[in-house]
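What follows is one structure encoded as structure tokens, with my remarks underneath.
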Amino acid sequence: MKIHEYQAKQLLGRYGVPVPEGEVAVTPQEARAIAEKLGRRVVVKSQVHVGGRGKAGGIKLASTPDEAEAVAGKILGMDIKGLTVEKVLVEAACNIEQEYYLGITLDRAAQKNLLMVSAAGGVDIEEVAASTPEKIARVLIDPAVGLCDFQIRQAVFGAGLDPRALSGAGKFIQALYKAYIDLDCSLAEINPLVLTAEGTLIAADGKITFDENALFRHPELAQYAEGSEEDEIEAEAHRRGLQYVRLGGEIGIIGNGAGLVMGTLDEVKDAGGTPANFLDIGGGAKAEVVANALEVVLLDPNVKGVLFNIFGGITRGDEVARGITEGSKRLDIKVPIVVRLTGTNAEEGRAILAATSLVPAETMQEAAAKIVSLARG
Ligand code: GDP
Ligand code: MN
């Protein structure tokens, strides 16, 4: 779950990370009032759940309250990568001498958290990561031991930070790591960490993403959820109690069991298709459940075909076939549906399917190949 910069700064502030003084405004007049209160040069920053705001024109400096009001008027309502700016953060501008990057995220391949530090921070960090990755010092963190001081030194020296920033940056990293662990983050980032002309360090930007699977441990973070930014179909699926994840492709996928569904995604990819979603209907496949699942999958306008992959275990194949047949009859379906059925009473199940327009398949590979070619028309 993403949160806004001002919220990330509030949280990081509680962990002892120095952040510029500032407040959020929803109108240009409010922005002016905040600038008046701060009584100095300010930066007006769009608050949207997307990076690269600076390059998109969503961050502007203002020397006077008049200017703050004017630039807030331009930024509020602006479209940044498909998101409308509804709030701006107005904060004391900093006197930037250097911009550093600090980030902690999960390295899935290494199965460890990863600390990254770079002296080449700022708006071009993606470019730095792509073309000069050696400019980013990386340290893997042992989950049992945590982040050690010597590793922090390795990272800040490895990144070649200015000597004036070395010890201060270490404190930022400690605080960032504590926040990352305490709040079950999947990303905690400060970019840029600014070394000011006065020689002090301050977090000019902050980004935090929470691991949604751990949100149940943090009821206090529920206040940050913004329904409007969740995918509409996912939201609908969750209201209906379905385990659905939208993936953006063209083949709708429904199966029973998370592992089976994930295997199906791979098979569809291998067959040259792109999965539209993950949907696990769990054990059994009663007509209501199937209809419910199909309806949600078909809400996605990209879906050009649906693949059922069902393993008959305790629930017998013939029951499942009846569920799919009845469930699909209740809906007006315009795309091809392939059903791969195996396990207990699979033959009886396939016999039931044979009398319908549903296309039966015996193996996962066959099913994937069939749905991909049918979806292509
Ligand atoms: P992002 O583009 O969404 O990552 O937003 P940032 O908060 O990182 O701001 C982008 C850039 O604005 C920074 O990298 C700075 O180069 C520039 N900038 C200039 N003055 C300021 C300032 O006073 N504060 C901040 N935050 N950024 C400034
Ligand atoms: Mn930034």
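Of Cys185, Cys94, Cys148, the residue with the greatest mean-square motion in the GNM of the chain, using alpha carbon springs below 10 Å, is Cys148.
If you average 1/r over every pair of different alpha-carbon atoms in the range 239-376 and take one over that average, what Kirkwood value in Å do you get? If you can, show how the numbers build up before the last one.
Details: mean 1/r = 0.0706 Å⁻¹.
After inverting the pairwise mean of 1/r, the radius is 14.2 Å.
Quick one: in the chain, what % of C-alpha pairs are over 29 Å apart? That fraction is 55 percent.
In Å², and per residue, what accessible area does the range 21-92 have when probed at 1.4 Å with the other protein chains present? Display every interim value, and only then the final one.
Working: 3410 Å² over 72 residues.
Averaged over the residues of the range 21-92, the accessible area is 47 Å².
As a calculated quantity, the FRET efficiency between Thr64 and Glu232 at R0 = 30 Å, using C-beta atoms, amounts to about 0.10.
A Förster radius of 22 Å, combined with the Cβ-Cβ distance separating Ala258 from Thr84, puts the computed FRET efficiency at roughly 0.05. In the chain, the longest principal axis of the Cα atoms and the axis of helix 364-375 are about 80 degrees apart.
Here the Gaussian network model covers the chain, with springs between Cα atoms less than 10 Å apart; of Lys45, Lys178, Lys37, Lys37 fluctuates the most. Round to the nearest 10 and give me the degree value, 0 to 90, for the angle of helix 317-329's Cα axis relative to the longest principal axis of the chain. With rounding to tens, the tilt is 70 degrees. Asp142 contributes an accessible area of around 60 Å² to the protein surface, as traced by a 1.4 Å probe with all chains present. Solvent-accessible area per residue in the range 96-224 equals 49 Å², computed with a 1.4 angstrom probe and all protein chains kept.
Longer than 31 Å from Cα to Cα, which of Lys269/Lys329; Lys269/Lys334; Lys74/Lys207; Lys55/Lys304; Lys2/Lys286; Lys207/Lys269 are they? Say none if no pair is.
Lys55/Lys304; Lys2/Lys286; Lys207/Lys269
On the accessible surface of the chain, probed at 1.4 Å, how many percent belong to carbon and sulfur atoms? Heavy-atom surface of the chain belonging to carbon and sulfur, 1.4 Å probe: 52 percent.
Once all protein chains are placed together, Ser63 keeps about 70 Å² accessible to a 1.4 angstrom probe.
Sparsely packed loop sites in the range 301-377 (the trypsin sites (Lys or Arg not before Pro) outside DSSP H, G, I, E and B with at most 13 other Cβ atoms within 10 Å) comprise Lys334, Arg376. A straight line joining the Cα centroids of the range 122-155 and the range 238-289 runs 36 Å.
Computed with a 1.4 Å probe over protein heavy atoms only, the accessible surface of the range 239-376 comes to 45 Å² per residue.
Compare Leu166, Leu176 by solvent-accessible area with a 1.4 Å probe and give them largest first, with all protein chains kept in place.
Working: Leu166 40, Leu176 0 Å².
Descending order: Leu166, Leu176.
Against the chain, whose longest principal axis comes from its Cα atoms, helix 28-38 is set at around 40 degrees.
The values are calculated or read from the model by the stated rules, or taken from the named source; none is laboratory data. All of these numbers come straight from a predicted model, not from anything done at the bench. Neighbour counts are summed over all protein chains in view; Cβ atoms, including those assigned to glycine, are modelled from backbone coordinates with ideal geometry. Remember, those area values only see protein heavy atoms, side chains included, never the ligands or the DNA or RNA. Shrake-Rupley method; radii C 1.70, N 1.55, O 1.52, S 1.80 Å.
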